[in-house]
Amino acid sequence: MTESAGDFAGASSRSTKHNPRLDEELEHETQGMMKAERATRAHEWREVEPVAEGQPDIDTDPAGTLVGGTPVGMTESAVVARAELARWLTRQPFPGTREDLVEAARDHRAPDAVVAELERLPEGETFERIGDVTRALGYPTETGPGPGADGP
């Protein structure tokens, strides 16, 4: 065996940490990503849960309007506000008081605007779900306007 240009004769450009079969397997796994220039597989646990049968598809249009998902009796801004509140509150603080919800939002590092909204909730009440929170803040829901809403 002879050396030339710093390589030993018979050495390949393959990894020395794996055997040739495993190198080919790893190369095959990454071919799709290299050609597509993005991940070609998703982990099942990371996939979005499908919409239930009979439920409207809720999607966000790049222009900023909701498509196919504004329930009767709600406005687009109410849907966005409820979604933003729900984004920062998990099921854990429910049922809970205003203080429980504010603390949970802060634990999840919610933006100041969300925390300020939750701090507007009335003291001494227990909220069972996010719908109760949005109604108490005056946003309309599918079942009607909240107590703080203006109009019918």
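Looking only at residues in region 120-152 that are out of contact with any Ser or Thr (no Cβ under 7 Å at 6 or more places or on another chain), modelled with pLDDT under 70 and open to solvent by less than 80 Å² (accessible area, probe 1.4 Å), which one is farthest from D100 (Cα to Cα)? Per the stated criteria, the residue is G151. Can you name the residue in region 104-124 that is assigned to a helix (DSSP H, G or I) and of a type in the set (D, E) and, of all such residues, is nearest to the chain's Cα centre (by Cα)? Among those residues, the one meeting the criterion is D107.
Among the residues of region 84-103, which ones are open to solvent by less than 60 Å² (accessible area, probe 1.4 Å) and outside any loop (DSSP other than H, G, I, E, B)? The answer is L85, A86, W88, G96, R98, L101, V102.
The values are calculated or read from the model by the stated rules, or taken from the named source; none is laboratory data. Remember, it's a predicted structure, so these values are computed and weren't measured experimentally. Cβ coordinates were reconstructed from backbone atoms using ideal geometry, including for glycine residues, and neighbour counts include every protein chain displayed. What goes into the accessible areas is simple: the full protein's heavy atoms, side chains included, and nothing from ligands, DNA or RNA. Shrake-Rupley method; radii C 1.70, N 1.55, O 1.52, S 1.80 Å.
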